[in-house]
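Worksheet: the structure to be examined is printed underneath.
The values are calculated or read from the model by the stated rules, or taken from the named source; none is laboratory data. Computed from a predicted model, the values in this text were never measured in an experiment. Don't worry about glycine lacking a Cβ; one is built from the backbone with ideal geometry, like all the others, and counts go over all protein chains shown. The protein model used for the area step is the full one, side chains on, heavy atoms only, and it has no ligands, DNA or RNA in it. Shrake-Rupley method; radii C 1.70, N 1.55, O 1.52, S 1.80 Å.
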Amino acid sequence: MPLLEITPDAMNVHIKDLTPVCFVLAVCTWLLTSLYRRWKVDVSRPSTPDLEKKSQSKSEKRSRDFGEWVPSDFQRPRASPYPDWDVHATKPIPYRPFRYGPKYFITMGLRSMKWDEWIELDNHYLRYHADKARRITERGAKCCKTAPEAMDGAIELLEELASYLPERYPSMFRKTAVGLDNLVTGESFNIVQRPLPEDPMITSARLVQDDLALMFEKPDGEYYLLAGAILLAGFWRLEDKFGMRLSDIHTSGDVPGYKEKLEKGMMNFFRRIRPEDPVLRNNYFIQVDDSLPWSSSIGAEDSPEVSWNTAVKNKAIEHHFFRSERQSLRRLPRSGAVVFTIRTYFEPITEIAKEPYVPGRLASAIRSWDGDVSRYKGREKYEEVLLEYLDRKHGDQVTAGLDLEKENEVRSYPL
């Protein structure tokens, strides 16, 4: 029989012999493909965490059942130095976290955070530092406070910042045997002496441009604001929210759609966030005065009640400012506290409207707000002047040759 001739009987034997091999190969291929799809990370577009995930670790279950956190052995990866960072030259990142209408979506808007991106500093640092120092002196415990049961978490946050900042910004911060030095301001911080020279939340606030808040789970399974350094918030006061549970913080501030669209997902998120899974979110507001620490348009900071009702309507466009927040959330491994860093970016509308695509997209976003969102954001007080200005600037850009079809290539959300 020739070498390459195959009879029907021979074919049957060969197929029978190969069937187990093919089956094993198919199973291996399926497993490898499934694992790859499960674990791959798109570095260009961070993923959104699954807030409804059902699985839970023993430490997560115990935390929910008894309000106790089982310390994790997670250690934050070492941060890479920020390339060519300079306290006088590095500009703020131009976050523009608004979408085109016609519909405004109320969501948490979470995305995964890279560890190198935890704290952002730029050439506005010295202004923020001076504003914070002044308000710490003038307002003290009205802006910065730590409950006794939250002290370990506040100290852990300070230790994390003292470790991270010299890694990420070595031209500004130097690690020492007892803490760190700020090479730009000349300050030295001892974080190991006891008692500490000041509330650790105050010390942490002096180091960064962010406001800071710590949420802790209590035995009832709810999360409470038990430590904070809220110095540049603009529209809310720590003394109004301190000690409140998460839901009350939002409902007392009339956050639109919180009960219907946000509460369940936010509670699930807080209970399940792990130390190794930090996230980011952005939001934005319009302000009609130029004060970063407190928006005087909604009333004096020490007024019993503050609201948009006191704001002057339709002020000149030069008094309109774009205020956006970049918030990071992570769980501290030792104390289990959930840390908010709240970095505010504050710019005149007349400046951001010079950027390609921004005036048209912002005008569309503002028009998409429903009644509740409009009231919350005070649109009635500025919409006539602001929208007329944005429409005009958008028209100027189109006349000058702006290609609307290329916007996603040039300026994708949320930047």
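Structure data summary
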quantity	calculated
Cβ-defined net charge surrounding Ser297, 11 Å radius [Lys, Arg +1; Asp, Glu -1]	+1
Residues in the range 78-117 reached by a label modelled at Asp370 [backbone nitrogen below 16 Å; 7 Å Cα→Cβ]	101-108
log10 of Debye I(q)/I(0), alpha-carbon scatterers only, for the range 82-218 at 0.11 Å⁻¹	-0.49
Average Cα contact separation per residue, the range 250-360, under 8 Å, 6 or more apart, as relative contact order %	25 percent
Measure of compaction for the range 312-415 (Cα Rg per 2.2 N^0.38 Å)	1.32
Estimated FRET transfer efficiency when R0 is 30 angstrom, pair Ser72-Phe285 (beta carbons, to 0.05)	0.30
Förster radius 45 Å - calculated FRET efficiency between Glu318 and Trp115, Cβ distance, rounded to 0.05	0.65
Net lengthening on full extension, Asp152/Asp86 (0.36 nm per residue, minus Cα-Cα)	20.5 nm
Solvent-accessible surface (1.4 angstrom probe) belonging to Asp254, in square angstrom, nearest 10	120 Å²
Net charge contributed by nearby residues that have their C-beta within less than 15 Å of His124 (K/R +1, D/E -1)	-4
Charge tally in the Cβ shell below 13 Å around Lys393, where Lys, Arg are +1 and Asp, Glu are -1, Lys393 excluded	-2
Tail fraction, Cα-Cα pairs, the range 362-415, threshold 13 Å, whole percent	68 percent
Isotropic mean projected area of the C-alpha convex hull, the range 256-344 (nm²)	7.9 nm²
Ratio of the Cα radius of gyration of the range 116-197 to 2.2 N^0.38 Å, where N counts its residues	1.16
Cut-off 14 Å, label 7 Å out along Cα→Cβ of Ile106, residues of the range 228-265 by amide N	250-265
Cα convex hull volume per residue for the range 101-162 (Å³)	214 Å³
Relative contact order (percent, whole number), the range 303-415, Cα cutoff 8 Å, 6+ residue spacing	28 percent
Accessible-area ranking of Arg96, Arg237, Arg392, Arg206, largest first, probe 1.4 Å	Arg392, Arg206, Arg237, Arg96
Rg to Rh, two decimals, where the range 174-290 supplies the alpha carbon set and Rh follows Kirkwood	1.02
FRET efficiency, 1/(1 + (r/R0)^6) with R0 35 Å, evaluated for Ile93 and Val178 via beta carbons	0.60
Two-site label geometry, Thr310 and Glu198: point separation in nm, points 7 Å out along Cα→Cβ	2.7 nm
With 10 Å bins from 0: P(r) over the range 227-285, alpha-carbon pairs, percent	17, 46, 36, 1
Pair-distance profile P(r), taking every C-alpha pair of the range 247-402, with 5 angstrom steps and integer %	1, 8, 14, 18, 18, 15, 12, 9, 4, 2, 0, 0
